[in-house]
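Below you'll find the structure, written out as structure tokens, and then a few comments.
The values are calculated or read from the model by the stated rules, or taken from the named source; none is laboratory data. Only a predicted model underlies this, so the values are computations on that prediction, with no experimental measurement involved. For neighbour counting, all protein chains shown are included, and Cβ atoms are generated from backbone atoms with ideal geometry for every residue, glycine included.
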Amino acid sequence: MPIKPDSWIKRMVKEHRMIEPFQEKLIRNGKVSYGLSSFGYDLRVAREFKIFTNVHSAIVDPKAFDEKSFVDVQDVDSVLIPPNSFALTRSQEYLRIPRNVLGLCIGKSTYARCGIIVNVTPLQPEWEGSLIIEISNTTPLPAKIYAGEGIAEILFFESDEMPEKSYRDLSGAYSKQTSIVLPRV
């Protein structure tokens, strides 16, 4: 299952509306780059964040997640993530993954060199929605994240066979999300 080049991504965007909005070339111009690259697509950060806080002394439990663990920040051009903390955001792009495709998302080097780690799970066949992105600040300093700019790159893999079960077949808990969704079990 080889990684797919930009020409394949353009075709899949046209055939399946795989990425919306779609930026057909890599944009830099003093920004953390986003758009189509040689073998992937660089996602942009939306203008909404949930920043982790311990103001209410909540416990992090994926089976009973307390929304008071986060402070909501909306409609901003950038956000500061406290030292040794993290935030959730979503991709500005809405994705539709075809049944025979798997997407892997990795953090961008620009942020990694600043001690900022991006964690995203695989994009399963027939999953769709805005991608929820965890941004961890591993440094002892506040970290600035820019909305509307690149945060992570998706690499796409196409199989010559269809999976027995796709994300849609399994009625996945995170399908068609358009805002930041917290853990569900």
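Values as computed for the structure displayed
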quantity: Failed item in (1) under 24 Å from TYR111 (Cβ atoms); (2) touching a Pro at 6+ places or on another chain (Cβ under 8 Å), with PRO62 passing the rest; calculated: (1)
quantity: Residues (under 19 Å from the mean Cα position of the chain (by Cα) and acidic (Asp, Glu)) located in the range 24-61; calculated: GLU24, ASP42, GLU48
quantity: Strands (runs of 3 or more DSSP E) fully within the range 1-99 counting 2 or more residues that are touching a Ser or Thr at 6+ places or on another chain (Cβ under 8 Å) and either of a type outside the set (Val, Ile, Thr) or closer than 18 Å to GLN177 by Cα (or both); calculated: 41-52, 85-96
quantity: Residue check for THR110: closer than 24 Å to VAL185 by Cβ, in contact with a strand residue (DSSP E or B) (Cβ under 9 Å, 6 or more places away or on another chain) and either among the β-branched types (Val, Ile, Thr) or not in a loop (DSSP other than H, G, I, E, B) (or both); calculated: no
quantity: Selection from the range 133-185 of residues that are at positive phi, modelled with pLDDT under 95 and not basic (Lys, Arg); calculated: SER171
quantity: Residue check for PHE22: touching a residue at least 12 places away in the same chain (Cβ under 8 Å) and more than 19 Å from ILE3 (Cβ to Cβ); calculated: no
quantity: Residue among ARG28, ARG96 that is among the basic types (Lys, Arg) and without any contact (Cβ under 8 Å) to a residue 12 or more places away in the chain; calculated: ARG28
quantity: Residue selected from the range 113-154 under the condition small (Gly, Ala, Ser) and within 15 Å of PRO83 (Cα to Cα), by the criterion surrounded by the fewest Cβ atoms within 10 Å (Cβ to Cβ); calculated: GLY115
quantity: Residue check for LYS144: of a type outside the set (Asp, Glu), part of a strand (DSSP E or B) and either in contact (Cβ under 8 Å) with a residue 40 or more places away in the chain or over 15 Å from LYS50 (Cα atoms) (or both); calculated: yes
